[in-house]
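Visitor: Input: one structure, supplied below.
The values are calculated or read from the model by the stated rules, or taken from the named source; none is laboratory data. The structure displayed is predicted, hence computed values, not measured ones. Please note: Cβ atoms are built from the backbone with ideal geometry, for glycine as well, and neighbour counts cover all protein chains shown.
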Amino acid sequence: MNGMHLLCVDDDADILDLTVTFLERKLPTATIHTATHVDEARTLIETEPITCVVSDYEMPDQTGLAFLRAVREDHPSLPFILFTGQGSESIASDAISAGVTDYLQKGGPEQYDRLAARVRHAVAEYQTEHELRERVKELTAIQAVSDLLADGDGQSLAELEQVVASLPQSLQFPETAVASLVVDDDEFTSPGYEPPARKISAHDVTTAGNELALTVGYATDPAPESDDVFLPEERALLTTILQLVTAYLDRRHVLSDLREADRRLTLILEHATAVMYLKDTDGRYVFVNAEYERLFGLGNEELVGRRDADLYPADVVEAVEANDRRVVETGEPIEVEERIAVQGEDRTYLSLKVPALNDAGDVEGVFGVSTEITDQKKRERQLEALNRTIPRLLSAETAEEVAERGVTAAREILNLQANAIHLYDAERAALVPAAYTDTVTELIGEPPSFHAGESIAWRVFDDGIATAIDDIRTDPDIYDAETPIRSELHLPLGEHGILIAGSPTPAAFDTQDVTIGELLAAHLVTALTQVNTKRELRDREAELEAQNERLEQFASMVSHDLRNPISIARGHLDLYREAGDESHLEPVDTALTRMQDLVTDLTALARHGMPDVDHQPVSLPDVASDAWELIDTRSATLSTEPCTVTGDESQLAALFENLFRNAVGHGGADVTVRVGPLDDGAGFYVEDSGDGIPEDERDDVFDHGYTTGYGGSGIGLTIVSRIAQAHGWAVTLTDGTDGGARFEFRAASDESESA
């Protein structure tokens, strides 16, 4: 999914232009589409790659709620934000029931800020969900093609036609997707195939030498502005599907050869590498080929005239004899898998058994050709087990949990008894062991961490190419020359780390181990990427929640702290208008300057959680006196003692304004407020002669919105707390000298030491 395409719908063109203007400022990389009618909006949703809809509620042709329900019918997960000037609990409830992503009332500039933030959050979640769906779609497509080819009879190429027909549905824009498969001179195409405008291809060659080319693309360009419309998962899917097709054609070729074996038997009997034998209708051996003699260590003279029951265990013989009887009784050839003990080891063979006919056409025995598929069956079981472990890997919540499950899968499925997963730690710039088997501990103890340039593991991690090393003692990048490990298998996990398997036996890993190991590594990369994506989303959500909370507090604080300067400015301005006395302009200018300072400080508070502090020596009596003049103190009295602190004068003025307002509000018109240094000289205090604050409420008074009921907004002491934090002070509330409230400010380190 490329970029953010936002659709704004409002029948009021002026409001629509205003909304677009604000969103273009807040979302500069977004492409914004507009519509003043619902029908126009529906057309844009179907023709443009819309990733979020912002709609008004009250529109003449259809309400925003009805529009939402219509969109949900065809686009159940498309983010839809109702941005309306008409709000009510009923509308909000109906919108939530209809599946709205978010609900926001129109207002001032701050509402557009919130709208932009919520659009950004909704699109991020929508795009992440889209990527996860693409990953699931990829795995589902692989499983479907695997099942389709596994269930095919191998007699025709109908399965390949079905593969090509289904493949376009696995792409992110299936409406115009097409696919083609070329096998030598034969081409298979999806229904309605047209030469694609944008495409990707993969090539392979079967063991029989057939050249394959698999192509997917789009008949019309779905995203002309994008450099690449294909997801990495789609490229990986294309390669995997082609590998499955190649394996299917290889197997088809083998089966075809086996069906031809009867005709060629006379010519190749003694030269074939497959096990061949002839039995009579009673199950006695008449002839075996050289491969049979080599494999079982028995010559023709030792076998002729003997039955399988004379040579092999009863449980093996029972199935083999049953297959022979079936051929004799039906006169039809069969192809079955048989388990046979060879030198005490169970092996699996794919056996083609055909009736041996006499000149009269009667069955006089069974001719068999058996090809060992022990390793193939082992790989099939491993692939099935790996497919079953995918959900378990994807359900892991942490990278460490993915590593634990990956190590277990490598041991139990791939028989990598000594294996470990090292995850890349960016802070340490090292591959750090995250999980390992007990066998690793038994061989080398606790695995080490690897840094750049000091190990084979780092080299493979850096190269990104899976590698099997027959003898690590001959490798110049060996980490520990004294290690009991002789051979190793290294499977890089992309940027996440590496899986390492070891063995005390040289050359313990072959190309098949590398191939099957890469499949497990791919699953681990998917799971680790998903874990990182989920973590980033959780961090982003937490960040957005904190930012929204700060914005809400900002609105409350602006309303709270600007009230007095505005009142003072208006009062003196009215007096100037009445009398023309210019002496009234100076208080107006002072109030406006104070308002400007407050807006600056509170904006920093909203954005960063606390204001920046310009540390300068400040006389508290001077700042306190100035702040006293800016509030309605009625007949209250201010008393100050000499005291100088290092801080921000503007911030301290706001601190005193809120404390004085709180004192007058609680203590009454005749309250006395005192400001002075603490006895130990480690800070200062502000106390009043009022009724004080009950002890059981003192832990709560600094919470945002908390009020003790005198008519305040519950914001003032929150601002006091924030300003104290910005200065590195701890503020405590206790009883005053005359029983009122006493606020003490001292360095936070001093407070913790005294505690």
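Visitor: Considering ASP750, ASP735, which residue is over 14 Å from LEU655 (Cβ atoms), modelled with pLDDT of 85 or more and touching a strand residue (DSSP E or B) at 6+ places or on another chain (Cβ under 8 Å)? Give the derivation first.
Guide: Values: ASP750 fails: modelled with pLDDT of 85 or more.
Selected residue: ASP735, the only one of ASP750, ASP735 that is over 14 Å from LEU655 (Cβ atoms), modelled with pLDDT of 85 or more and touching a strand residue (DSSP E or B) at 6+ places or on another chain (Cβ under 8 Å).
Visitor: In segment 465-482, how many residues are in contact with a Pro (Cβ under 9 Å, 6 or more places away or on another chain), part of a loop (DSSP other than H, G, I, E, B) and more than 13 Å from SER455 (Cα to Cα)?
Guide: Final tally of qualifying residues: 4.
Visitor: Say whether the condition of being part of a strand (DSSP E or B) and among the aromatic types (Phe, Trp, Tyr) is met by at least one residue in segment 184-198. I'd like the intermediate steps shown before the answer.
Guide: Going through segment 184-198, the residues part of a strand (DSSP E or B) turn out to be 186-189, 198.
Now narrow it down to the ones that are among the aromatic types (Phe, Trp, Tyr): 188.
The answer is yes, given that some residue of segment 184-198 is part of a strand (DSSP E or B) and among the aromatic types (Phe, Trp, Tyr).
Visitor: Is there any pair linking a residue in segment 186-213 that is within 23 Å of GLU233 (Cα to Cα) to one that is among the aromatic types (Phe, Trp, Tyr), with Cβ under 9 Å and at least six apart or on different chains, and which?
Guide: Matching pairs, first to second residue: PRO196/TYR218; ALA197/TYR218; ARG198/TYR218; ARG198/PHE230; LYS199/TYR218; LYS199/PHE230; ILE200/PHE230.
Visitor: Determine whether ARG388 is exposed (fewer than 14 other Cβ atoms within 10 Å of the Cβ), within 13 Å of LEU520 (Cα to Cα) and not assigned by TED's automatic domain parsing to the domain that holds THR240.
Guide: On the way: exposed (fewer than 14 other Cβ atoms within 10 Å of the Cβ): yes; within 13 Å of LEU520 (Cα to Cα): yes; not assigned by TED's automatic domain parsing to the domain that holds THR240: yes.
It is true that ARG388 is exposed (fewer than 14 other Cβ atoms within 10 Å of the Cβ), within 13 Å of LEU520 (Cα to Cα) and not assigned by TED's automatic domain parsing to the domain that holds THR240.
Visitor: Within segment 300-324, track down each residue that is of a type in the set (D, E, K, R) and farther than 18 Å from VAL369 by Cβ.
Guide: Once the filter is applied, which keeps residues that are of a type in the set (D, E, K, R) and farther than 18 Å from VAL369 by Cβ, segment 300-324 yields GLU301, GLU302, ARG306, ARG307, ASP310, ASP315, GLU318.
Visitor: For GLU110, state whether it is modelled with pLDDT under 85, in contact with a helix residue (DSSP H, G or I) (Cβ under 9 Å, 6 or more places away or on another chain) and among the charged types (D, E, K, R). Break it down stepwise before answering.
Guide: On the way: modelled with pLDDT under 85: no; in contact with a helix residue (DSSP H, G or I) (Cβ under 9 Å, 6 or more places away or on another chain): yes; among the charged types (D, E, K, R): yes.
It is false that GLU110 is modelled with pLDDT under 85, in contact with a helix residue (DSSP H, G or I) (Cβ under 9 Å, 6 or more places away or on another chain) and among the charged types (D, E, K, R).
Visitor: Looking at segment 619-673, which of its residues are assigned to a helix (DSSP H, G or I) and small (Gly, Ala, Ser)? Please lay out each step first, then the result.
Guide: Here is the first cut: in segment 619-673, the ones assigned to a helix (DSSP H, G or I) are 620-629, 649-667.
Within segment 619-673, ALA624, SER625, ALA627, SER650, ALA653, ALA654, ALA663, GLY665, GLY667 qualify.
Visitor: Here is a follow-up. Go through (1) modelled with pLDDT of 85 or more; (2) loosely packed, with under 14 Cβ neighbours inside 10 Å and name the single condition GLU549 misses.
Guide: All conditions are met except number (1).
Visitor: Somewhere in segment 361-376, is a residue surrounded by fewer than 15 Cβ atoms within 10 Å (Cβ to Cβ) and more than 23 Å from LEU255 (Cβ to Cβ)?
Guide: The answer is yes, given that some residue of segment 361-376 is surrounded by fewer than 15 Cβ atoms within 10 Å (Cβ to Cβ) and more than 23 Å from LEU255 (Cβ to Cβ).
Visitor: Shifting gears a bit: Name every residue in segment 64-84 that is surrounded by 14 or more Cβ atoms within 10 Å (Cβ to Cβ), out of contact with any Phe, Trp or Tyr (no Cβ under 6 Å at 6 or more places or on another chain) and not in a helix (DSSP H, G or I), in order of residue number.
Guide: Once the filter is applied, which keeps residues that are surrounded by 14 or more Cβ atoms within 10 Å (Cβ to Cβ), out of contact with any Phe, Trp or Tyr (no Cβ under 6 Å at 6 or more places or on another chain) and not in a helix (DSSP H, G or I), segment 64-84 yields HIS75, LEU78, PHE80, ILE81, PHE83.
Visitor: Considering segment 718-734 alone, what residues qualify as being at positive phi and crowded, with 21+ Cβ neighbours inside 10 Å? Can you show your working first?
Guide: Here is the first cut: in segment 718-734, the residues at positive phi are 728.
Once the filter is applied, which keeps residues that are at positive phi and crowded, with 21+ Cβ neighbours inside 10 Å, segment 718-734 yields nothing.
Visitor: Let me ask another. Take the residues of segment 45-56 that are surrounded by fewer than 23 Cβ atoms within 10 Å (Cβ to Cβ) and part of a loop (DSSP other than H, G, I, E, B): which is modelled with the lowest pLDDT?
Guide: PRO49
Visitor: Let me ask another. Take LEU443 and decide whether it is farther than 20 Å from THR526 by Cα and outside any strand (DSSP E or B).
Guide: On the way: farther than 20 Å from THR526 by Cα: yes; outside any strand (DSSP E or B): yes.
The answer is yes for LEU443.
Visitor: Of all residues being surrounded by 15 or more Cβ atoms within 10 Å (Cβ to Cβ) and without any contact (Cβ under 8 Å) to a residue 40 or more places away in the chain in segment 455-468, which is farthest from ILE516 (Cα to Cα)? Just the residue, please. Steps first, please.
Guide: Of segment 455-468, the ones surrounded by 15 or more Cβ atoms within 10 Å (Cβ to Cβ) are 455-461, 466-468.
The next check asks that each one be without any contact (Cβ under 8 Å) to a residue 40 or more places away in the chain; those that pass are 455-456, 458-461.
Numbers: SER455: 24, ILE456: 21, TRP458: 21, ARG459: 21, VAL460: 17, PHE461: 18 Å.
It comes out as SER455.
Visitor: Pull up segment 233-257, narrow it to residues that are closer than 30 Å to HIS130 by Cβ and among the aliphatic types (A, V, I, L, M), then point me to the one that is farthest from the chain's Cα centre (by Cα). If you could, list the steps in order and put the result at the bottom.
Guide: First, pick out the residues of segment 233-257 that are closer than 30 Å to HIS130 by Cβ: 233-245.
Right, trim to among the aliphatic types (A, V, I, L, M) and you get 236-238, 241-242, 244-245.
Details: ALA236: 18, LEU237: 19, LEU238: 22, ILE241: 24, LEU242: 27, LEU244: 28, VAL245: 30 Å.
Here the residue is VAL245.
Visitor: Name the single residue, out of those in segment 132-162 being surrounded by fewer than 18 Cβ atoms within 10 Å (Cβ to Cβ) and among the acidic types (Asp, Glu), that is modelled with the highest pLDDT.
Guide: GLU161
Visitor: What pairs come up if the first residue lies in segment 483-496 and is assigned by TED's automatic domain parsing to the domain that holds ALA508 and of a type in the set (Gly, Ala, Ser), the second is surrounded by fewer than 24 Cβ atoms within 10 Å (Cβ to Cβ) and part of a strand (DSSP E or B), and their beta carbons are under 7 Å apart, counting only those six or more places apart or on different chains?
Guide: From segment 483-496, the pairs are SER487/ILE469; SER487/SER503.
Visitor: Now for a different question. Quick check: anything in segment 411-423 under 25 Å from the mean Cα position of the chain (by Cα), closer than 21 Å to GLU536 by Cα and surrounded by 18 or more Cβ atoms within 10 Å (Cβ to Cβ)?
Guide: Within segment 411-423 (the criterion being under 25 Å from the mean Cα position of the chain (by Cα), closer than 21 Å to GLU536 by Cα and surrounded by 18 or more Cβ atoms within 10 Å (Cβ to Cβ)), the answer is yes, since at least one residue qualifies.
Visitor: I've got another one for you. Consider only pairs whose beta carbons are under 7 Å apart and that are at least six residues apart or on different chains; among these, list those whose first residue lies in segment 100-121 and is at negative phi and whose second residue is surrounded by fewer than 19 Cβ atoms within 10 Å (Cβ to Cβ) and among the small types (Gly, Ala, Ser).
Guide: TYR103/ALA92; GLN105/GLY85; GLN105/GLY87; LYS106/GLY85; GLU110/ALA555
Visitor: Right, here's the next one. Considering (1) polar (S, T, N, Q); (2) surrounded by 21 or more Cβ atoms within 10 Å (Cβ to Cβ); (3) at pLDDT 90 or above, say which one GLN651 fails and leave the rest.
Guide: (3)
Visitor: Can you find a residue that is in contact with a Lys or Arg (Cβ under 8 Å, 6 or more places away or on another chain) and of a type in the set (Gly, Ala, Ser) anywhere in segment 52-74?
Guide: Yes, the conditions are met somewhere in segment 52-74.
Visitor: If you don't mind, another one. Could you tell me whether any residue of segment 536-546 is surrounded by 14 or more Cβ atoms within 10 Å (Cβ to Cβ), within 31 Å of the chain's Cα centre (by Cα), under 25 Å from ALA403 (Cα atoms) and in contact (Cβ under 8 Å) with a residue 24 or more places away in the chain? I'd like the intermediate steps shown before the answer.
Guide: Filtering segment 536-546 for residues surrounded by 14 or more Cβ atoms within 10 Å (Cβ to Cβ) gives 537, 540, 544.
After this cut, where a residue has to be within 31 Å of the chain's Cα centre (by Cα) as well, the list is 537, 540, 544.
With the extra rule that they be under 25 Å from ALA403 (Cα atoms), the set shrinks to 537, 540.
Those left that are additionally in contact (Cβ under 8 Å) with a residue 24 or more places away in the chain: 537, 540.
Yes, segment 536-546 has at least one match.
Visitor: Kindly establish whether THR215 is surrounded by 14 or more Cβ atoms within 10 Å (Cβ to Cβ) and out of contact with any helix residue (DSSP H, G or I) (no Cβ under 6 Å at 6 or more places or on another chain). Write out each step before concluding.
Guide: Numbers: surrounded by 14 or more Cβ atoms within 10 Å (Cβ to Cβ): yes; out of contact with any helix residue (DSSP H, G or I) (no Cβ under 6 Å at 6 or more places or on another chain): yes.
Criteria met by THR215.
Visitor: Filter segment 494-542 down to residues that are of a type in the set (Ser, Thr, Tyr) and in contact with a strand residue (DSSP E or B) (Cβ under 8 Å, 6 or more places away or on another chain) and give me whichever is farthest from ALA418 (Cα to Cα).
Guide: Just the residues of segment 494-542 that are of a type in the set (Ser, Thr, Tyr), to begin with: 503, 505, 511, 515, 526, 529, 533.
Those left that are additionally in contact with a strand residue (DSSP E or B) (Cβ under 8 Å, 6 or more places away or on another chain): 503, 505, 511.
Details: SER503: 7, THR505: 12, THR511: 18 Å.
For segment 494-542, the residue satisfying everything is THR511.
Every residue, every condition in (1) at pLDDT below 85; (2) β-branched (Val, Ile, Thr); (3) in contact with a strand residue (DSSP E or B) (Cβ under 7 Å, 6 or more places away or on another chain); (4) more than 30 Å from GLN172 (Cβ to Cβ), yes or no:
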{"residue": "ASN2", "(1), (2), (3), (4)": "yes, no, no, no"}
{"residue": "ASP12", "(1), (2), (3), (4)": "no, no, no, yes"}
{"residue": "VAL20", "(1), (2), (3), (4)": "no, yes, yes, no"}
{"residue": "HIS37", "(1), (2), (3), (4)": "no, no, no, no"}
{"residue": "PRO76", "(1), (2), (3), (4)": "no, no, no, no"}
{"residue": "GLY99", "(1), (2), (3), (4)": "yes, no, no, no"}
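Visitor: Report, ordered by the first and then the second residue, all pairs with beta carbons closer than 9 Å, sequence separation of six or more or different chains, a first member in segment 690-701 that is surrounded by fewer than 11 Cβ atoms within 10 Å (Cβ to Cβ) and part of a loop (DSSP other than H, G, I, E, B), and a second member that is of a type in the set (Ser, Thr, Tyr) and at pLDDT below 80.
Guide: Qualifying pairs under 9 Å: PRO694/THR708.
Visitor: Turning to a different aspect of this structure: Restricting the first residue to segment 409-437 and requiring it to be in the same structural domain as GLY497 (by TED's automatic domain parsing), which pairs with a second residue that is of a type in the set (Asp, Glu) and part of a loop (DSSP other than H, G, I, E, B) meet a Cβ separation below 8 Å and a spacing of at least six or different chains?
Guide: Sorted first by the residue in segment 409-437, then by its partner, the pairs are TYR424/GLU495; PRO433/GLU446.
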